[in-house]
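Q: Mind having a look at this structure? Questions to follow.
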Amino acid sequence: QVHIVESGGGLVQPGGSLTLSCEVSGITFNRAAISWFRQDAGNKRELVAVIGRSGGTNYGDSVKGRFTISRDSAKKSVSLQMTSLKPDKASLHYCNVLTALENYWGQGTQVIVSS
């Protein structure tokens, strides 16, 4: 059974930083691409960042240069370092795990960027 646990969300002031973590179990971690998506009320989920099986990364245009995604195979986790955060309404950040056969979602962790 696949388990995805996201953590690290919270309230942060504009210009601040936050690091999200996604811990995964129940799959062969090194065979999965891991992504972070965000979704706020009334809008569809949008890609924030993705890290492939071999460590290649890609970012949404709005976060390039400010966010960094990384993976730790020993801990079976992926981190998303978010810096220079811009004011934003409350949003859920979801961890997505994509294998050759399945697509899994976590429950999400909330992020609010506000003064």
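Q: Quick check: the distance between the Cα centres of region 73-115 and region 15-59, to the nearest angstrom?
A: Using only Cα atoms to place each centre, the spacing works out to 5 Å.
Q: Let me ask something additional. Across 5 Å bins from the origin, how do the percents of Cα pairs in the chain run, short distances first?
A: Computed distribution, short to long bins: 2, 12, 24, 26, 19, 10, 5, 1, 0.
Q: Taking 0.36 nm per residue of separation and subtracting the Cα-Cα distance, what length does fully extending residue 107 through residue 84 add?
A: Taking residue 107 through residue 84 to full extension adds about 5.8 nm, to one decimal.
Q: Lys and Arg at +1, Asp and Glu at -1: add these up for the other residues within a Cβ distance under 15 Å of residue 63 and post the number.
A: My count for the surroundings of residue 63 gives +1.
Q: Oh, and also: Around residue 15, with a cut-off of 11 angstrom between Cβ atoms, what is the net charge of the other residues, counting Lys and Arg +1 and Asp and Glu -1?
A: +2
Q: Let's test the formula: R0 of 30 Å, r as the Cβ-Cβ distance of residue 114 and residue 68. What FRET efficiency results, to the nearest 0.05?
A: Numbers: r = 23 Å, r/R0 = 0.75.
Once rounded, the FRET efficiency stands at 0.85.
Q: So between residue 30 and residue 17, what do we pick up on full extension, going 0.36 nm a residue minus the alpha carbon distance?
A: 1.9 nm
Q: Share of the chain's accessible area from carbon and sulfur, percent, 1.4 Å? Spell out each step's value before the answer.
A: Working: 2990 of 6460 Å².
Here it works out to 46 percent.
Q: Now for a separate question. Please report the base-10 log of the normalised intensity I(q)/I(0) for region 21-77, using a Debye sum with one equal scatterer per alpha carbon and no solvent, at each q in 0.19 (1/Å).
A: Log10 of I(q)/I(0), two decimals: -0.71.
Q: Once both labels are modelled 7 Å past Cα along the beta-carbon direction, what's the residue 99-residue 46 spacing in nm?
A: It is 3.1 nm.
Q: Using a probe radius of 1.4 Å on heavy atoms only, what accessible surface per residue do you get for the chain? Whole Å² is fine.
A: With the other protein chains kept in place, the chain gives 56 Å² per residue.
The values are calculated or read from the model by the stated rules, or taken from the named source; none is laboratory data. Predicted, not measured: the structure shown is a model, and the values here were computed from it. Positions of Cβ are generated from backbone atoms using ideal geometry, with glycine treated the same way; all protein chains shown enter the neighbour counts. For accessibility, only protein heavy atoms count, side chains too; no ligands or nucleic acids. Shrake-Rupley method; radii C 1.70, N 1.55, O 1.52, S 1.80 Å.
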